[in-house]
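J.: Before I ask anything, here is the structure I am working with.
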Protein chains: 4
Amino acid sequence: MSYARQILDTYPASTGADAGVLAATIDALSDCAQACSTDVDADLSEQNVAEMVACIRLCLECTDVCTATIGVISRPAARDASVTRPLLEACVASCRSCGDECERHADMHEHCRVCAEACRRCERACRELLAALK
Amino acid sequence: MSYARQILDTYPASTGADAGVLAATIDALSDCAQACSTDVDADLSEQNVAEMVACIRLCLECTDVCTATIGVISRPAARDASVTRPLLEACVASCRSCGDECERHADMHEHCRVCAEACRRCERACRELLAALK
Amino acid sequence: MSYARQILDTYPASTGADAGVLAATIDALSDCAQACSTDVDADLSEQNVAEMVACIRLCLECTDVCTATIGVISRPAARDASVTRPLLEACVASCRSCGDECERHADMHEHCRVCAEACRRCERACRELLAALK
Amino acid sequence: MSYARQILDTYPASTGADAGVLAATIDALSDCAQACSTDVDADLSEQNVAEMVACIRLCLECTDVCTATIGVISRPAARDASVTRPLLEACVASCRSCGDECERHADMHEHCRVCAEACRRCERACRELLAALK
């Protein structure tokens with residue numbers, strides 16, 4: 001069981017959403033933020049770095065948005081739909097753009113293939129949390 | 001002239017929005033993120049900390065959302081409206097909620113009065129940038 | 001296998017340290033940052049919030065330091081010992097202080113027990129990475 | 001007067017260091033984090049992006065370390081020398097490396113000249129705070 005799930009299970013008040021969905025989203029966001037950080041560095045190590053510029057930019061954006069979202073959804077009591085919804089929507093959009101771009105390089109660069117997977121999984125998790133919060 | 005403005009003025013490509021509006025938003029976001037961090041710590045130093053819980057939570061959320069937004073809008077070439085718009089909307093909502101709550105404590109706690117001001121200014125700046133990006 | 005490990009295994013250049021140690025540290029840092037964020041919110045939900053102030057502060061600090069460390073060690077090519085070493089030392093110190101304080105509340109608050117565990121594991125992982133980087 | 005100074009001046013407990021020095025450091029860190037974010041994006045817009053790889057990596061590292069340091073020193077009551085000192089040392093080292101690399105490109109790229117200035121000012125501010133905390 002992930003730490004995210006373990007600590008949410010001990011939360012002294014209502015988490016306002018299924019703890020399993022919440023924990024799965026936090027884990028997917030953490031993986032995605034980290035995969036994107038490493039993918040930036042891997043892209044910068046490639047010979048064809050000039051062709052990786054869009055990928056680097058989208059990975060940087062995705063890291064920033066995922067990191068903020070981890071903080072916000074890790075504090076369930078503070079949940080304010082007027083903030084959480086657009087933030088999750090920004091996350092969905094960022095994961096989708098970044099996943100699309102990473103996929104374009106997946107055949108050539110294995111690290112982009114893994115990063116695309118992390119983005120897809122995170123996009124799905126954020127959509128599920130959005131649906132669960134309705 | 002702020003560093004945000006100075007460095008945007010040397011940007012080698014189009015910044016996609018008026019550099020003055022962009023720089024003013026970055027400065028307002030930096031001030032707001034920092035004011036909220038300090039306000040959390042100041043709230044925790046107050047005797048009536050139990051009454052400051054909502055304020056602490058909203059300030060933590062506001063710091064996270066503003067920090068991500070600084071990163072995203074500081075990279076103008078990466079601008080993707082499907083991410084930037086909901087992120088700025090999350091920021092507007094977070095600054096408004098946090099500013100409202102801080103204002104409730106402004107008479108009693110000077111630090112909340114200053115933090116409310118930083119939130120109001122940041123909310124306005126994000127709205128102006130949203131309008132400019134249309 | 002964690003995403004951290006998967007993506008490091010596809011890294012196109014040397015990661016400068018054993019990929020297993022690096023990935024374990026990244027996972028421990030992500031868990032710790034998230035556990036600390038949730039523990040802050042859980043502490044704020046407790047009736048005896050005035051007694052949780054030190055715990056809240058140390059958890060906030062630990063989140064900030066772990067988040068920066070994830071970014072820095074996720075980009076292996078950029079490794080600069082003059083930055084990585086003191087940053088990991090700050091992380092060890094922050095996890096230790098936070099783990100000690102959480103442990104003090106572990107009997108009373110289950111969330112603090114889980115957070116203390118995440119801090120201990122992260123402290124150990126950072127020490128191992130420091131040793132591996134020597 | 002900066003917001004950092006304004007809010008520190010209303011802090012209800014001791015800030016453990018001269019509020020002017022503390023506020024100047026926070027402002028220098030905010031400027032540096034933002035200049036480095038923008039410089040990454042500007043570097044990625046240059047034709048000779050392959051020659052800017054080291055600069056991009058150092059700017060990313062500097063942004064992460066400065067952002068964590070803003071959080072930690074913005075909460076003066078939480079000050080724990082065993083964390084703050086190595087974190088400020090990591091910041092000094094990161095600003096120095098990043099400033100040196102940016103300076104190498106200053107003649108060719110105006111944005112690197114401005115970013116080098118922000119790094120130098122931040123390095124000096126962190127050194128002064130380290131001296132003040134002794």
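The values are calculated or read from the model by the stated rules, or taken from the named source; none is laboratory data. All of these numbers come straight from a predicted model, not from anything done at the bench. Because the Cβ atoms are built from the backbone with ideal geometry, glycine has one as well, and the counts that use them run over all protein chains shown. We work out accessible area using only protein heavy atoms, side chains counted, and drop any ligands, DNA or RNA first. Shrake-Rupley method; radii C 1.70, N 1.55, O 1.52, S 1.80 Å.
J.: Given the options A:A13, A:A54, A:A24, name the one that is at negative phi and in a loop (DSSP other than H, G, I, E, B).
T.: Values: A:A54 fails: in a loop (DSSP other than H, G, I, E, B); A:A24 fails: in a loop (DSSP other than H, G, I, E, B).
Matching residue, one of A:A13, A:A54, A:A24: A:A13.
J.: Could I ask something else about it? I need the full set of residues from region D:5-26 which are free of Cβ contacts under 8 Å to residues at least 60 places away in the same chain and within 19 Å of the chain's Cα centre (by Cα), in order please.
T.: Hits for region D:5-26 are D:R5, D:A19, D:G20, D:A23, D:I26.
J.: Quick check, is B:A13 open to solvent by 20 Å² or more (accessible area, probe 1.4 Å) and of a type outside the set (S, T, Y)?
T.: In short, yes.
J.: Continuing with the same structure: Of all residues in region D:32-42, which are in contact with a Lys or Arg (Cβ under 7 Å, 6 or more places away or on another chain) and among the acidic types (D, E)?
T.: Across region D:32-42, the qualifying residue is only D:D41.
J.: Also, I was wondering about something else. Could you please find all residues in region D:89-120 being open to solvent by 10 Å² or more (accessible area, probe 1.4 Å) and in contact with a Gly (Cβ under 9 Å, 6 or more places away or on another chain)?
T.: D:E117, D:R120
J.: Looking at region B:1-10, which of the residues that are facing chain D (nearest Cβ under 9 Å), part of a helix (DSSP H, G or I) and open to solvent by 10 Å² or more (accessible area, probe 1.4 Å) is farthest from C:E51 (Cα to Cα)? Can you show your working first?
T.: The initial filter retains those residues of region B:1-10 that are facing chain D (nearest Cβ under 9 Å), namely B:2-4, B:6-10.
Checking which are part of a helix (DSSP H, G or I) leaves us with B:3-4, B:6-9.
Those still in the list that are open to solvent by 10 Å² or more (accessible area, probe 1.4 Å) too: B:3, B:6, B:9.
Working: B:Y3: 41, B:Q6: 46, B:D9: 49 Å.
Going through the qualifying residues, I end up with B:D9.
J.: Next question, about the same structure. Can you tell me which residue in region A:31-55 is nearest to the chain's Cα centre (by Cα), limited to those that are at the interface with chain C (Cβ under 8 Å from one of its Cβ atoms) and open to solvent by 20 Å² or more (accessible area, probe 1.4 Å)?
T.: Checking each candidate, the answer is A:D31.
J.: Continuing with the same structure: Select from region B:56-88 the residues that are in contact with an Asp or Glu (Cβ under 6 Å, 6 or more places away or on another chain) and of a type outside the set (A, V, I, L, M, F, W, C) and write down the one among them that is surrounded by the most Cβ atoms within 10 Å (Cβ to Cβ).
T.: Going through the qualifying residues, I end up with B:G71.
J.: Additional query: Working only within region B:77-113, note down all residues that are under 30 Å from B:A13 (Cα atoms) and within 18 Å of the chain's Cα centre (by Cα).
T.: Across region B:77-113, the qualifying residues are B:V83, B:T84, B:R85, B:P86, B:L87, B:L88, B:E89, B:A90, B:C91, B:V92.
J.: So which residues in region A:107-121 are more than 9 Å from every other protein chain (Cβ to nearest Cβ) and either of a type in the set (K, R) or within 14 Å of A:A68 (Cα to Cα) (or both)?
T.: A:R120
J.: Return a yes/no flag: does region B:89-106 have any residue that is under 20 Å from D:Q6 (Cβ atoms), free of Cβ contacts under 8 Å to residues at least 24 places away in the same chain and either within 7 Å of chain A (Cβ to nearest Cβ) or outside any helix (DSSP H, G or I) (or both).
T.: Yes.
J.: Step by step: first the residues of region C:20-30, then only those that are open to solvent by 20 Å² or more (accessible area, probe 1.4 Å) and aliphatic (A, V, I, L, M), then the one that is farthest from C:R120 (Cα to Cα). Which residue is that?
T.: C:V21
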